[in-house]
Amino acid sequence: MSDDIKKGLLGIVVDETTISQVMPDINSLTYRGYAVQDLCEKCIFEEVAYLVLNGDLPNKKELKKFKKELEENRKITVNLREIVRHMPKKAHPMDVARTIVSVLGLEDKETSNNSPKANMKKAIKIFAKTPTAIAAFFRARKGKRIIPPKKDLTFAENFFYMCFGKVPNKDIVKAFDVSLILYAEHSFNVSTFTARTITSSLSDIHGAITGAIASLKGPLHGGANEEVMHMMNKIKKPENAFKWINKALDEKEVVMGFGHRVYKKGDSRVPTMEKYFKKVAKLKKDKKFIKIYDIVKNVMIKRKDIHPNVDYPTGPTYHLMGFDTDFFTPIFVISRITGWAAHIMEQHAANKLIRPLSKYSGPEHRKVMLLNQR
Ligand code: COA
């Protein structure tokens, strides 16, 4: 391959951003200048969502207003609820999530209005309503009654409530909240770049987020948290883990939940998520997944020097919380909507059509012969 081709846009800086900074050399990640670890310990998810969307942490009054706005927008239309109820039960929840945002676009009177004010309003609506519709599918496909959202609960509590009909203890809610904070934003990853690319043709926010969800679904990106759980289920018990992972590496398999395009010495989000995974495992009296987790991780680092990414600890954490495996990536979606929306608005504010070049390597120039001459 020619040297001037940067396959996968490897190492290419395509634009500026003020939203987040990934610093692989010092293993750090900041949102609007704040270290993500600090945000996890000192904030609730709504504060971080406000920060990502607006550029600064809210004061008390701003947070109250933002929470109220979210609570008031949680309800979905009867139309959307019925669409979700009638989705094929075997449909992948990521495909349902993609369709949900698309339908929200059909229902919004301002879909084509790309003014900053309209886009912020639409971002908040998508952020507030998508979890309601995803939770509705979580229950509807099991033939269970759909639970409408509750106003006086936090974002995380309300999601548990809509999925399970109850809110778990505060340590479980905190671990979930931390996972949402860690998933909120991560600079020019593939789904965010997809959202920015769609936006660059001056298309709308619903379309850009729909495309971003399709991109996130892939196992090389967000879909990895689901794949991690499939891997742990295949391993079955800690006694099998060492042999299983060594065989996978001998056979040159890609091990899900490991490696990263930017972080080569470890993902800055992992130590925090790992801490909360271990807390949840202790609360749930789980020893199995913790042991498998540690054995696979140690072999990956020792044999390949490849470190876990954030999807490695979130997978088993969501499993222990009671979520179905194919709902792990939709949970990523309900958080990342904030990052995508911020990037979509940033792209609109200083837009340039994204249109790279390609090197042609097909047949030489040739002439079309008439049918009876061929
Ligand atoms: N398991 C086994 N080997 C891996 C690996 C993994 N998870 N991740 C990277 N490698 C190996 C590759 O096989 C390659 O080896 P080689 O040089 O001998 O061919 C080398 O490390 C470089 O990997 P490469 O795929 O070129 O790096 P990348 O920057 O293009 O890929 C990912 C990054 C994320 C796509 C890749 O690490 C991966 O597929 N990980 C698993 C999926 C995942 O967890 N995705 C979530 C990311 S947050």
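The alpha carbon convex hull volume per residue for the stretch 31-102 rounds to 126 Å³.
Using unit Cβ charges (K, R positive; D, E negative) and no other charged atoms, how large, in debye to the nearest 20, is the dipole of the chain about its Cα centre? It would help to have the intermediate numbers written out before the result.
Values: 65 positive and 41 negative charges, 250 e Å.
With Lys and Arg at +1 and Asp and Glu at -1, about 1200 debye.
Each residue, D171 and K6, gets one label point 7 Å from its Cα in the Cβ direction; the gap between the two is 4.6 nm. As a ratio to 2.2 N^0.38 Å, the alpha-carbon radius of gyration computed for the stretch 222-374 takes the value 1.48. In terms of its C-alpha gyration tensor, the stretch 4-68 has a prolate overall shape, because the principal axis ratio a/c (a ≥ b ≥ c, square roots of the eigenvalues) is not below 1.5 and a/b outweighs b/c. Share of carbon and sulfur in the accessible area of the stretch 7-94 stands at 53%, probe radius 1.4 Å.
Fraction of C-alpha pairs exceeding 22 angstrom in the stretch 121-257: 56 percent, rounded to a whole number. By the equivalent-ellipsoid construction on the alpha carbon gyration tensor, the chain comes out with semi-axes of 32, 29, 22 Å, ordered largest to smallest. Normalised per residue, the accessible area of the stretch 56-105 is 61 Å², obtained with a 1.4 Å probe and no contribution from ligands, DNA or RNA. Across the cross-link table entries K67/K117; K252/K285; K129/K265; K236/K304; K60/K125; K170/K217, which are compared at the Cα atoms, the separations over 27 Å belong to K252/K285; K129/K265; K170/K217. Sequence-ordered 3J(HN,Hα) estimates for the stretch 81-93 from the Karplus curve with 6.51, -1.76 and 1.60 and θ = phi - 60° stand at 4, 5, 4, 4, 4, 9, 5, x, 4, 8, 4, 6, x Hz, glycine and proline given as x. Along the axis of the charge dipole computed for the chain (Cβ charges of +1 for Lys and Arg, -1 for Asp and Glu, origin at the Cα centre), the listed residues I334, P93, N59 are led at the positive end by P93. Only helices enter this figure: runs of n ≥ 4 DSSP H residues, each worth -39500 (n - 2.57), summed and divided by the residues of the chain, yield -17500 deg cm²/dmol at 222 nm to the nearest 500.
Accessible area per residue was computed with a 1.4 Å probe on protein heavy atoms; M369 scores about 100 Å².
Quick check of the Kirkwood formula: for the stretch 292-374, what is the inverse mean of 1/r over all pairs of different Cα atoms, in Å?
Final number for the Kirkwood radius of the stretch 292-374 is 18.7 Å.
With a Förster radius of 51 Å applied to the C-beta separation of K151 and L371, the computed FRET efficiency comes to 0.15.
Taking all protein chains together, H206, H307, H230 sort by accessible area into H230, H307, H206, largest first [probe 1.4 Å]. Separation of the stretch 286-339 and the stretch 6-71 by C-alpha centroid, Å? For the stretch 286-339 versus the stretch 6-71, the Cα centre distance is 21 Å.
If you take the beta carbon distance between K285 and K90 as r and set R0 to 22 Å, what does 1/(1 + (r/R0)^6) give as a FRET efficiency, to the nearest 0.05? Provide the component values of the computation, followed by the final result.
Values: r = 33 Å, r/R0 = 1.48.
Between K285 and K90 the formula returns 0.10.
The values are calculated or read from the model by the stated rules, or taken from the named source; none is laboratory data. Note that the coordinates shown come from a computational prediction; the quantities given were computed from them, not determined experimentally. Ideal geometry is used to build each Cβ from the backbone, glycine not excepted, and the neighbour counts take in all protein chains shown. Calculation scope for accessible area: heavy atoms of the full protein, side chains included, ligands and nucleic acids excluded. Shrake-Rupley method; radii C 1.70, N 1.55, O 1.52, S 1.80 Å.
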